[in-house]
Amino acid sequence: MVIKLWDGFIRGFHWLLVVVLAGLWYTGGSVDYLEINDTVIEFVDVHHKLGLIMLALILTRIIWGVVGSQPARFSTFLKGPKAIIGYIKSPFSKEHLTHNPGGGIIVVIMLAMLLAQAITGLFSDDAIFFRGPLASTVSNDVVRLLTSYHKQAFDFILAIIALHIVAIFVYLLMKKNLISPMITGKKAITSSATEALKQRHGGYGFILLAVNLIWIFWWLG
Amino acid sequence: MMRFTSILTLAATAAITLTALQFSAPAKADAFAEADEAVKYRQGAFSLIRENFGHMAGMVRGEIEFDAESFQKRAEALKHLSYIPFDGFSGAGAGITDGSDALPGIWENWDDFNDKAEAFKEAAHELARASEDASLRELRPKFMAAARTCQQCHDEYRAD
């Protein structure tokens, strides 16, 4: 049986986040620029703008996790410690429609880490020529602390991404393809009697994203 | 008699202690003050460097309109400032990391630190020279090269 799992917003969010994160990684901590025709693109400015896009993506995903499609809701995939331990003990014994209990907690950690990363970036100062748009609203000590966090926490984010990719490939080896549902939105399931997961049109998510992009760029751009 | 001797000993001890304190206390305070001054000195210099650098960065990034004269003034200032902070890392400032973002690695890899300082001075000179008759387009790579010398040193020797 094939069911609709991930709505259009979740898929768009996921792959946009991949692109934005790659760009942030590439432009982060680099004093460099590109010159295309007569237009100069400073890496630090690109990093700033991509960071704002990421902030909008994360905020929208959090809202979608409350009001969006059922598989995307925190209430659907956030499980108690018992379920998480059970999952760690035997990860492949049960079929999980949405994020499994282990993955669910990772999703929340990842969203929190990325949110913190975007926010600390707004208060950061590279001591050369970039000052975050909110850096002047706090004391110098706070700027130093948040800048230092921003630099060091990224390694942790990379570690979570690595764990995520490894998990995807382990599932692939177990003949469970988690990649194609994230592209097509559809998932083939073996268990027959499952309640249909309520879907919301992904377009609402994109409208929400556009609204978030507008106020974030207007305020912090 | 016994009493007199002990009073005398006490007085002598007190006198010696007081004298010793008088001589040692200011000396110690001076050492602290000097280290503190050295840190303030180099921080002050870096703060001026950043101020001038930031103004040029504004033009390079298109936040401020490019003005050749103003750019040259800043580049010239940066050239002279580029020498200043490094004296604060030797002498009284040697090894001092208290109240500072300087990392101990500076004094562990002193030659490398000096190489990086030299690279910065050279880049600042290069930028000042170019600013005499170059367009913004020609100045940009020189400015970014100078910025990179800042970063290369910060990556190693400045606390995150």
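List of remarks:
- Residue satisfying all of: in region A:21-42; buried (at least 20 other Cβ atoms within 10 Å of the Cβ) and in a helix (DSSP H, G or I); nearest to the chain's Cα centre (by Cα) among these: A:Leu24
- Neighbours by Cβ (under 9 Å, 6+ apart or cross-chain): first from region B:34-51, within 14 Å of chain A (Cβ to nearest Cβ); second surrounded by fewer than 16 Cβ atoms within 10 Å (Cβ to Cβ) and in a helix (DSSP H, G or I): B:Arg42/B:Ile84; B:Arg42/B:Asp87; B:Ala45/B:Ile84; B:Ala45/B:Asp87; B:Phe46/B:Ile84; B:Leu48/B:Ile84; B:Ile49/B:Ile84
- Per the conditions (1) within 14 Å of another protein chain (Cβ to nearest Cβ); (2) assigned to a loop (DSSP other than H, G, I, E, B), the sole criterion not satisfied by A:Trp6 is (1).
- Note on region A:1-11: residues that are within 11 Å of A:Leu57 (Cα to Cα) and open to solvent by 20 Å² or more (accessible area, probe 1.4 Å) amount to 0.
- Residue in region B:111-121 that is over 18 Å from the mean Cα position of the chain (by Cα) and surrounded by 17 or more Cβ atoms within 10 Å (Cβ to Cβ) present: no
- Note on region B:136-160: among residues that are polar (S, T, N, Q) and in contact (Cβ under 8 Å) with a residue 24 or more places away in the chain, the one that is surrounded by the most Cβ atoms within 10 Å (Cβ to Cβ) is B:Thr149.
- Pick from region B:56-69, criterion open to solvent by 30 Å² or more (accessible area, probe 1.4 Å) and in a helix (DSSP H, G or I), ranking: nearest to the other protein chains (Cβ to nearest Cβ): B:Ala68
- Residue list for region A:43-54, filter: more than 14 Å from chain B (Cβ to nearest Cβ) and either surrounded by fewer than 19 Cβ atoms within 10 Å (Cβ to Cβ) or of a type outside the set (Val, Ile, Thr) (or both): A:Leu50, A:Gly51, A:Leu52, A:Met54
- Hits in region A:107-133 - residues which are open to solvent by less than 40 Å² (accessible area, probe 1.4 Å) and acidic (Asp, Glu): A:Asp125
Here's the yes/no breakdown for (1) within 18 Å of A:Tyr87 (Cα to Cα); (2) open to solvent by less than 50 Å² (accessible area, probe 1.4 Å); (3) over 22 Å from the mean Cα position of the chain (by Cα):
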position: A:Ala135; (1), (2), (3): no, yes, yes
position: A:Ser139; (1), (2), (3): no, no, yes
position: A:Val143; (1), (2), (3): no, yes, yes
position: A:Ser148; (1), (2), (3): no, yes, no
position: A:Ala153; (1), (2), (3): no, yes, no
position: A:Ala159; (1), (2), (3): no, no, no
position: A:Tyr171; (1), (2), (3): yes, yes, no
position: A:Ile179; (1), (2), (3): no, no, no
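- The residues in region B:79-103 that are without any contact (Cβ under 8 Å) to a residue 12 or more places away in the chain and among the charged types (D, E, K, R) can be counted, and the count is 0.
- With respect to (1) under 30 Å from B:Pro141 (Cα atoms); (2) open to solvent by 70 Å² or more (accessible area, probe 1.4 Å); (3) of a type in the set (A, V, I, L, M, F, W, C), the lone exception for A:Leu78 is condition (1).
- Scanning region A:121-156 for residues that are closer than 23 Å to B:Arg148 by Cα and either β-branched (Val, Ile, Thr) or away from every other protein chain (no Cβ under 13 Å) (or both) returns A:Gly121, A:Leu122, A:Phe123, A:Ile128, A:Gly132, A:Val143, A:Thr147.
- Taking region A:185-196 as the range and being touching a residue at least 12 places away in the same chain (Cβ under 8 Å) and either over 17 Å from A:His14 (Cβ atoms) or open to solvent by 50 Å² or more (accessible area, probe 1.4 Å) (or both) as the test, the residues that pass are A:Lys186, A:Ala188, A:Ile189, A:Thr190, A:Ser191, A:Ser192, A:Thr194, A:Ala196.
The values are calculated or read from the model by the stated rules, or taken from the named source; none is laboratory data. Note that the structure is a prediction, hence the values are computed from the model and not measured. Counting neighbours? That spans all protein chains shown, and the Cβs are built from the backbone with ideal geometry, glycine included. The accessibility values were calculated without ligands, DNA or RNA, using every heavy atom of the protein model including side chains. Shrake-Rupley method; radii C 1.70, N 1.55, O 1.52, S 1.80 Å.
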